[in-house]
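Structure, as structure tokens:
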Amino acid sequence: MTATLQFQAGPAPAVGTARRGRTSTVASLMRRPSFVVAAGFLVFLVVVAALAPLIAPHDPSAQVLEDRLKGPSWSHLLGTDDLGRDVLSRLVYAARLALLAPLISVSVAILLGVPAGLWAGMRRGWVDAVTGRLSDTLLSLPGLAFALAVVAVLGPGLFNAMVAMGIVFAPSLYRVVRGATLAVAEESYIESARAIGCSTRRIIWVHVLPNIAAPFLVQVTILMGVALLAEASLSFLGLGVQPPDSSWGSMLEVAYQNQYDAPLAVLPAGTALVLTVLSFNTVGDAIRDTVARRRDS
Amino acid sequence: MTQATDPVLSVRGLTIDLVGPTRQRGLVEDVTFDVPQGRSVALIGESGCGKTLTAMSILRLLPPELRVTAGEIRFAGTDMVSASGRTLRGIRGGPVGMVFQDPMSSLNPTMTVGDQIAEARRLHLGESRGQARAKARELLDRVGIANAARRVDVYPFEMSGGMQQRVMIAAAIACEPRLVIADEPTTALDVTIQAEILELLRSLQEQMGLAVLLVTHDLGVVADFCDDVVVMYAGHVVERAPVEPLFARPRHPYTLALLDSVPQAGRARTMLDVIPGRVPPAGAFPTGCRFQPRCRFAVEQVCAAPQPEFEPEPGHRCRCVRVGTHELSLEKVS
Amino acid sequence: MTAREPMALQATGLRKTFPLRRDLIGRVTERIVAVDGVDLEVARGATLGLVGESGSGKSTAARLAALLVRADAGRIETDGVDVTGVRGSQLKVLRSRLQMVFQDPYSALDPTKTVGHAVTEPLIVHGRRQDDLAGAAAALLTRVSLDPALARRRPEELSGGQRQRVCVARALALEPRVLIADEPTSALDLSTRAGILNLLLRLQQESGQAMILVSHDFATVQHLADRIAVMYLGRVVEEGPADRIVEAPLHPYTRALLSAVPVPDPTVQRGRRRTVLHGDPPNPANPPTGCNFRTRCPIAVPECAQTDPALRAVEPGHRVACVRVETKTPETRS
């Protein structure tokens, strides 16, 4: 027999000492440098997207064929693409899609996955069984292939593609929400809420949702990153965003086509994608670690 | 008895610190007590008092961040603090058996009950599988499990909590130990089962001349089972005495307050004496007497100084300067 | 029987089963009878203690009485009004009459809400005192001897004892007729328990609050209860005035239970004659024929396997379910 001693770094603080404020989770998050940097980047991205017309030095669609595939210069800080368009301006405008596209698919996933997950976690029974099987079926489909199939049926376009991805993401969100709800539903404070006369609706809004917020948010940030990459992939294949609009994915495709003439042309869009996905994931990690640490203390 | 009168376990000035990124000193500080041969000693206190830390430290079962930074632990003459891994492994499960609180998580769910009991004998006494299993059957019988021959091959989850605890006890005594350390062995059990388990421990103690160190927070269990009591509070030993004098004439204000706060027959429907305040958290121990902020007899200058142990009566010790210098005399309420 | 005012709570013939096994289609094939024909009654201003070990069904019985779980059979009345099978908005109204305090204060409070929110939520849900929730919170916290300033804190900042007080305050918010406390002190430290017991005592004595106190700890129940009902495997085996039951228990299980609870006084405890039960607690899914207790009963006779003993009055207000006690053979006297 082996003995393990579960040691916790100190019991709960005495009342009056170590006082935690109302937004203590946010405060702990702000103390993490990785979170601050990642969240800061995302905020920066939102600002750039919002102020794109003011920031972009050129019209993103303006073609100046004499200046094709030029490298960085003072007038074109990141160079030009194969049609002479300013890469920096295109990058800035495409930031809008970089935020919008994941938002569409994650919203679809939330609409489909969260209510089902809540219901399955709270009520269980046959609802749980049915939604569980449905989600298992969806999970067994390869995501991108499914999206391609939907696009083939509905026609290419960013919106269709992102809705398809949303359907693909829904099961994973459903699982997370269901699992978290199951755990919370077992807690004594839910039974207490029922005992004082709360309706199931109130219990879900007031007591369940805030307590599953953390795992939910973590999953959402992961999905945002995956959605962005999915959009980039689809646009790279020409099935996502359609010209004249462009996203980072389609910019990558253009750069890829001209890689022998301008090998570094993949860098702007590629870097933007990497940084954004990394930021989403880092924010998710930070939330997860902060909540886990607090639970253990 | 012609046995030597040396205690089988002797702890002197034990101090345990938490080392690592957060350093906390004196989680257990200057703990001294003995477990004499064949007697049962209770280590009693509330959560945060350090009794489990102390018990675990005897067999050096603490995680690496908890270190013994001062003091001495001697088991039958062997220095446990500086002993090698090999020596320790030879002692654990052999001459010293251990019973933990929750049998469900302390027994290996993938091994049969018989194999777990036999394991100790095979490791310490070098018995063969067959010999050890035969002995396991015998032990199951001895701890009161019916159908021992069949139950030897049963898995822990097939047994009730009380039976699992009997299995743990069987494993602990498998190699005829001199000392059994039991950490809250009956806390998770129903009270009627608890009575059976205590009865079992008592009879085993008598038959085998076992010494028992019982860690508990239950005053009733102490009154029932133990010969000597060591009372701990916030990492300090505040009082040590044989069981009857401790209950009849407690010498430390904490012990007195604890006894007064427990419901007893004859005091039904009366207000109990509540100890104000809370147990101080590990990083915030007061200097000197750690019970001081909650003690109704506290006098600042005297109690903030380090409190040595006094012996107001032979065999009855307490760590309170005011009591030791006869400045304070406690009269038990009720 | 003299006419008396209606009981604060009167439940008769409560029965509740839980499914244990289902077949492939989902039909239930095996059930556990958690509560089997239990009567509970509490007079206004009185306290009923419900005692039993694990598997006795006491927690389920308490939840049935609190209308948290729907009974399969039985009748429940509060203040003379039949409330059996009430649902929907009527049930919500009834909630304000029967409130429960749960066992584990560490999980009974929503960690994302302040203490103030916790104690006033019942008022919000029932639309009371909406104009002065802060004042209501302060009053409730003061009533349980907590500093009103704690209303702004979160549960994690409070100790176990404080949290349990918050739970009591929350249960009192709607001024219930009956307060049902399920093991209110089990999860707390020894020295904190006294505070909660005093609080409940004060509620009893100063406010005349009717209570049902569920516990496995006889000492706690004895401290507060006027009447005690002892449960074993889903049935009440003995019930009567608290003092009588403790002084002269009649049912063999009650005697075993009382004798198993160690008294925190070594001289008394070691002088007691113990009735130690033998045999394992039966499987609740497959209870013994006849009397549930006969497999462990020290005075069982063959007749016990044939008849299911009903509760019969042995003296006014004192009922026992045992064939041997009825006949008052010499062995049943203490």
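Arranged from fewest to most other beta-carbon atoms within 10 Å of their beta carbon, B:THR52, B:THR32 become B:THR32, B:THR52.
The Rg/Rh ratio for region A:64-135, using Cα coordinates for both the radius of gyration and the Kirkwood hydrodynamic radius, is 1.47. Note on region B:38-104: the alpha carbon radius of gyration divided by the globular reference 2.2 N^0.38 Å gives 1.17. Taking every alpha-carbon pair in the protein assembly as shown and binning the separations at 10 Å intervals from zero gives 2, 10, 16, 19, 19, 15, 9, 6, 4, 1, 0, 0 percent.
Rg/Rh for chain A (Cα atoms only, Rh after Kirkwood) is 1.07.
What's the center-to-center distance, using Cα atoms, between region B:111-145 and region B:260-334 in Å? What the calculation gives is 46 Å, centre to centre. Measuring gaps between exposed loop sites in chain B (trypsin sites (Lys or Arg not before Pro); DSSP loop; at most 10 other Cβ atoms within 10 Å), the longest gap, sites not included, is B:24-295. Take the convex hull of the alpha carbons in region C:110-175; its mean projected area over all directions comes to 3.9 nm². Each 10 Å bin from zero holds the following percent of Cα-Cα pairs in region B:199-334: 11, 39, 34, 14, 3, 0. Based on Cα contacts under 8 Å between residues 6+ apart, chain A shows a relative contact order of 23 percent.
Computed on region B:244-324, the Cα convex hull volume stands at 108 Å³ per residue. Against the main long axis of the alpha-carbon atoms of chain A, helix A:209-236 sits at an angle near 20°. Over all Cα atoms in region B:9-231, the spread is summed up by Rg and Dmax: 17.2, 52 Å.
Test of the criteria: in region B:228-317, which GluC sites (Glu not before Pro) are in a DSSP loop and have at most 16 other Cβ atoms within 10 angstrom of their Cβ?
For GluC sites (Glu not before Pro) across region B:228-317 that sit outside H, G, I, E and B with at most 16 neighbouring Cβ atoms in 10 Å, the list reads B:GLU309.
Dividing the alpha-carbon Rg of chain C by 2.2 N^0.38 Å yields what? Walk me through the numbers before you get to the answer.
Numbers: Rg = 21.0 Å, N = 334, 2.2 N^0.38 = 20.0 Å.
Computed over Cα atoms of chain C, the ratio equals 1.05.
Nearest 10 degrees is fine. How inclined is helix A:143-154 to the longest principal axis of chain A, computing both from alpha carbons? Once rounded, one gets 60 degrees. Note on B:THR87 and B:ARG267: with the Förster distance fixed at 60 Å, the Cβ-Cβ geometry gives a FRET efficiency of about 0.75. Counting only whole DSSP H helices of chain C, the ones at least 24 Å long by C-alpha along their axis and with mean Kyte-Doolittle hydropathy no lower than -0.5 are C:190-207. Helix B:161-173 and the longest principal axis of the Cα set of chain B meet at an angle near 80°. Ranked by how many other Cβ atoms sit within 10 Å of their own Cβ, fewest first, the residues B:ASP115, B:ASP218 fall in the order B:ASP115, B:ASP218. Our summary gives region B:47-150 a relative contact order of 14 percent, counting only alpha carbon pairs under 8 angstrom and 6 or more residues apart.
Taken over the Cα atoms of region C:1-143, the convex hull encloses 182 Å³ per residue. A viscosity of 1.306 mPa s and a temperature of 10 °C, combined with the Kirkwood radius over Cα pairs in Stokes-Einstein, give a translational diffusion coefficient for region A:185-242 of 112 µm²/s.
Proximity of backbone amide H atoms, modeled 1.01 Å from N, is registered between C:VAL35 and C:LYS16 at under 5 Å, excluding neighbours fewer than 5 places apart on the same chain. Reported to the nearest whole Å, the Cα centre-to-centre distance from region C:163-185 to region C:51-105 is 14. When the alpha carbon coordinates of region A:189-297 are projected onto the principal axes, the ranges are 71, 33, 14 Å, largest first.
Relative contact order for region B:9-231: 29 percent, from Cα pairs under 8 Å spaced at least 6 residues apart, divided by residue count.
Each value in this text was obtained by applying a stated rule to the coordinates, not by laboratory testing. Computed from a prediction, not measured in an experiment: that's the story for all the values here. All Cβ positions, even for glycine, are placed from backbone atoms using ideal geometry, and neighbour counts span all protein chains on display.
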